[in-house]
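Chemist: Provided herewith is a single structure, encoded as structure tokens, for subsequent inquiry.
The values are calculated or read from the model by the stated rules, or taken from the named source; none is laboratory data. The structure presented is a predicted model; accordingly, all values stated were derived computationally and were not measured. Cβ placement follows ideal geometry from the backbone for every residue including glycine, while neighbour counts extend to all protein chains displayed.
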Amino acid sequence: MTRRDALRLPALLGAAALPSVPPGTAHATSADASITQTWHDPARDRDIPVRLRLPEVPDRAPAVLISHGLGGTRDGLGYLGRAFAEAGFIAVHLQHPGSDGAVWRGAADAAASLAAAALDPRNALDRLRDGIFAIDELLRRESAFGDPLRGRLDPTRLAVAGHSFGAWTVQHLLGERLPGGDHGLALPERRLRAGVALSPIPPRGLPPRLAFARMSAPLLHVTGTEDQGYIEGARPADRLIPFQAIRNVPQALLVLDGATHAAFADQAEAGARWADTTYHARVAAVSVLFLRATLMADPAAAAALREGARRGPLALLAPRDRLETRDFAPPS
């Protein structure tokens, strides 16, 4: 990376990457503002709660769908949506009925209710259909008179991010095979050009190389050394399987020392550990770097990823964190 590239990157990445903001520090910005809507899918007669965060600049911008984990809501992963908006992306937080907060609120046995929702294949398929519908709806609203998205979207630069069950959603939208076939879904969703999977999910029912053989877009995998699954039982080592198995698309892997499964969720309603901010700034900064490198073809961002985001003003990570890349070739 040239010195000029290194100096200009913090401004491009937004506040999430500024070294003057220590991990876990809350700060008010324009990206804290958001718009809540409910999008209706007439084909399924299904309402999808949405939270939009728009960048300040009025130009057409890339967009990122954000998918919460099991039992979450559109309010989760707020740190990620704010960082994306600050960096010039439209953040679209989706809420998935059937695997959202309504599953456990007021339940006599919250854990059993969450497990039942996770094991119901209808909820998994609904998440994928929600993602496909959300892309269609983004494109429709981009030209709809009076809609806040009118004239704001760059439809050639779309991405998806998610945590846990949301990471499962990301992986399958980008091409991971479902056991028993695609169930009528047009997968991979080729309008998506990149993905961010927080707490990646290892494949079930298929060997990893077969499950991931048709992945269609670059993917950032984010996990922690203590990322133990509460429902599906995935161990920290299992979170590495998707990165190890995927070939032929650019990838990055971020492993944060000491981070648990709850550390990425930003879902205060679920309790204090699910709202721990310790790792949020690092996750957000590397995610923005990754999307700049992949969606925006930014050579400085790609170089920062290849160098482990440890030099100069991009010294983002703690000493025992690990960031590695695969197939991020330097420009010829």
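Chemist: Hey, among the residues in the range 221-237 that are at pLDDT 95 or above and surrounded by 18 or more Cβ atoms within 10 Å (Cβ to Cβ), which one's farthest from the chain's Cα centre (by Cα)?
Modeler: It comes out as Pro236.
Chemist: Considering only the range 192-304, give the helices (runs of 4 or more DSSP H) lying wholly within it that have at least 3 residues that are within 19 Å of Gly69 (Cα to Cα).
Modeler: Where helices (runs of 4 or more DSSP H) fall fully within the range 192-304 and carry at least 3 residues being within 19 Å of Gly69 (Cα to Cα), they are 280-294.
Chemist: Pairs only if they're at least six apart or on different chains, beta carbon under 7 angstrom, first in the range 54-68 and more than 19 Å from Arg140 (Cα to Cα), second of a type in the set (Ser, Thr, Tyr) and outside any loop (DSSP other than H, G, I, E, B); list them, first residue then second.
Modeler: As it stands, the answer is Glu56/Ser30; Ser67/Thr169, since those pairs meet every condition given.
Chemist: Out of everything in the range 53-88 that is surrounded by fewer than 24 Cβ atoms within 10 Å (Cβ to Cβ) and β-branched (Val, Ile, Thr), what residue ends up being nearest to Ile35 (Cα to Cα)?
Modeler: Thr73
Chemist: For the range 199-216, enumerate the residues that are of a type in the set (Ser, Thr, Tyr) and modelled with pLDDT of 95 or more.
Modeler: Listed by number, the list holds a single entry, Ser199.
Chemist: Of all residues in the range 259-278 being touching a strand residue (DSSP E or B) at 6+ places or on another chain (Cβ under 6 Å) and surrounded by fewer than 24 Cβ atoms within 10 Å (Cβ to Cβ), which is nearest to Ala197 (Cα to Cα)?
Modeler: Among those that are touching a strand residue (DSSP E or B) at 6+ places or on another chain (Cβ under 6 Å) and surrounded by fewer than 24 Cβ atoms within 10 Å (Cβ to Cβ), it is Thr260.
Chemist: Modelled with pLDDT of 95 or more, charged (D, E, K, R) and closer than 21 Å to Arg273 by Cα - does that describe any residue in the range 69-77?
Modeler: yes
Chemist: Another question, then. Counting just the residues of the range 168-188 that are crowded, with 22+ Cβ neighbours inside 10 Å and of a type outside the set (Gly, Ala, Ser), which one comes out farthest from the chain's Cα centre (by Cα)?
Modeler: This residue is Glu176.
Chemist: Testing Leu158 on (1) touching a residue at least 12 places away in the same chain (Cβ under 8 Å); (2) over 30 Å from Tyr279 (Cα atoms); (3) of a type outside the set (Val, Ile, Thr), one condition comes back false. Which one is that?
Modeler: Unmet for Leu158, out of (1) touching a residue at least 12 places away in the same chain (Cβ under 8 Å); (2) over 30 Å from Tyr279 (Cα atoms); (3) of a type outside the set (Val, Ile, Thr): (2).
Chemist: Sticking with this one: Just to be sure I understand the filter: pairs with C-beta atoms under 8 Å, separated by 6 or more residues or on different chains, first member in the range 84-107 and of a type in the set (Phe, Trp, Tyr), second member in a strand (DSSP E or B) and surrounded by fewer than 23 Cβ atoms within 10 Å (Cβ to Cβ). Which pairs pass?
Modeler: Going by the 8 Å Cβ cut-off, the qualifying pairs are Phe89/Ala61.
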